[in-house]
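Shown next, in structure tokens, is the structure this report addresses.
Bear in mind these aren't lab numbers, they're just calculated from the coordinates by the rules spelled out. Remember, it's a predicted structure, so these values are computed and weren't measured experimentally. Reconstructed Cβ throughout: ideal geometry from the backbone, glycine too, with neighbour counts over all protein chains shown.
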Amino acid sequence: MTTLLIVDDEKSTRDGLRMALEDEFDCYLASSIKEAMSILKSEPIDLMLTDLRLAGDSGMDLLDQALAIPQPPVAVMMTAYGSVDTAVEAMRRGAWNFVTKPLNLDEVELLLKRALRSRSLEKDKLRLEHEVQELRVKAGNSKHGLESLIGKSAAMQKVSELVTQVAPTRATILIEGESGTGKELVAHAIHQLSGRPLEKMLVVNCAALSPQLLESELFGHEKGAFTGAAQKRIGRFEQANGGTIFLDEIGEIDQATQVKLLRVLSERTIERVGSNQPIKVDVRVITASNKNLRELVSKGDFREDLFFRLNVVRVLMPTLREREEDIVILAQAFLREFSSENNKKLKPLSDDALAMLRAYSWPGNVRELRTAIEHGVVMSNEDVISSQHLPYFLNSADPLPVARDDQSAPAAEQKAQKEEIPLASGEEFNLHVLELRAIRQALKQTSNNRTEAARLLGISRRTLQRKLKDLEHSA
Ligand SMILES: Nc1ncnc2c1ncn2[C@@H]1O[C@H](COP(=O)(O)OP(=O)(O)OP(=O)(O)O)[C@@H](O)[C@H]1O
Ligand SMILES: [Mg+2]
């Protein structure tokens, strides 16, 4: 029978819990840290249910001590209703979950059973996963592990350490950082190192769907739940059961979906749209945002209780500007990648190209660097890749505006737009138009010197001639 250690300084609570749980568990009782530790050291305890307040002692200290023994129990913390902060702190310290007082005994029993199941599943799978991981490493195929995160800077090392530490837990993780800093890459790394690499990781971009579609994407719906719901649909949470769900751009979700998400995180159940049947799900949740969620909370745009649930561990991705020493390392890696992808000889970057890469401010971060290097690899027909093969805007004081959500973006965008040639009225905003616009701008900048303009654009003079013909035709 499963062993359960109940720790509470109130006798009535201990006895009540024992009565409710002794059919399912072999119960041990303790009223202090000292008693609890002596039981833990002498008996093989599977589960521990402990109160936060223990006459004079803190349940947090017990947690630290209990989880430090060689075969630690799975710990569930009891806290007073409404003290979400302490509950979160307990989970940070390694508690598997928490329940709030006054206790609902059915809920406690259910939670303990789930705790146990998650642990025995974990054990069963460990050996298998270990083998799989080894095979992957042998096959050089662990594409999304930590090794995919390039960078030697202190800032990146900090990220790697944090990821290594939290990945094997089931803790909910919030990844924040500017666009292109590698949030999604880190989410994949966390999943890979989670000890459940066989399970799926599903990605949902919360900004890409309307509130109603997002809700049914996440939770599924019953047939006929709303107009257009012709078939029953299983949502992403159900599909990801046992694995990980990555909710990208979490700051974009509407209030109603926030409430539903809160429920998933606190009760670990979902309801399909159009049904009130709760369905249990066991899913690791990772979220990402390029907005500062805490700020959204203070503005009233994001629920604070949900924020606490999501922010159990926060990974803040450094911008590329903050880790200049990584620029060249990343550039070299992308160089190898794109040379082999395009069947081109691996060429070095010239000194002026390197200087240009170092001097640029990289508002689009690693993604922008990656694109710039791809451009260089494709454009160079010489034995080196020099500055003239890199995108022209790297040379300009004003970088091209990139879609960013932080406060600094609008100002930068306005400024850049002022200096751009505006679209003639009636012109469409499509790739063709953008291309023509870039050509006009390059010609203007070079006082119509076509050779110079072609160099700026990173294309050959012949291509520019051809494109100018198009321009004349469409004018
Ligand atoms: N440390 C890194 N090492 C190698 N490649 C990286 C690194 N960081 C980011 N990249 C690459 O940069 C690109 C952008 O990364 P990613 O999509 O993870 O960024 P993001 O933070 O999710 O951006 P967004 O907020 O725009 O969604 C990807 O091609 C990714 O592989
Ligand atoms: Mg992303």
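Which chymotrypsin sites (Phe, Trp or Tyr not before Pro) does segment 38-116 hold that lie in a coil by DSSP with at most 15 other beta carbons within 10 Å? Sparse-neighbourhood loop chymotrypsin sites (Phe, Trp or Tyr not before Pro): Tyr81. Note on Ser447 and Lys344: with the Förster distance fixed at 35 Å, the Cβ-Cβ geometry gives a FRET efficiency of about 0.55. Cross-link pairs exceeding 27 Å in C-alpha to C-alpha distance, out of Lys444/Lys467; Lys11/Lys101; Lys41/Lys280; Lys34/Lys101, comprise Lys41/Lys280.
The equivalent ellipsoid of segment 259-362 has semi-axes of 44, 20, 10 Å, largest first, where each one is the square root of 5 times an eigenvalue of the Cα gyration tensor.
Here the spin labels are modelled as points 7 Å beyond Cα on the Cα-Cβ line, and at Glu10 and Leu105 they lie 1.5 nm apart. Put simply, the amide H of Val74, placed in the peptide plane, has neighbours under 5 Å in Leu47, Met48, leaving out anything fewer than 5 places away on its chain. Search the structure for amide H atoms under 5 Å from the amide H of Asp26, placed 1.01 Å from N in the peptide plane, and list their residues when 5 or more places away or on another chain. Under 5 Å from the amide H of Asp26: Thr2, Thr3, Leu4. The chymotrypsin sites (Phe, Trp or Tyr not before Pro) of segment 148-240 that DSSP puts in a loop, and whose beta carbon has at most 12 other beta carbons within 10 Å, are Phe226.
Computed 3J(HN,Hα) for segment 363-378, one whole-Hz value per residue from the Karplus formula 6.51 cos²θ - 1.76 cosθ + 1.60 where θ = phi - 60°, is x, x, 6, 4, 4, 5, 4, 4, 5, 4, 5, 4, 4, x, 4, 6, glycine and proline marked x. Average projection, convex hull of the Cα set of segment 142-203: 4.3 square nanometres.
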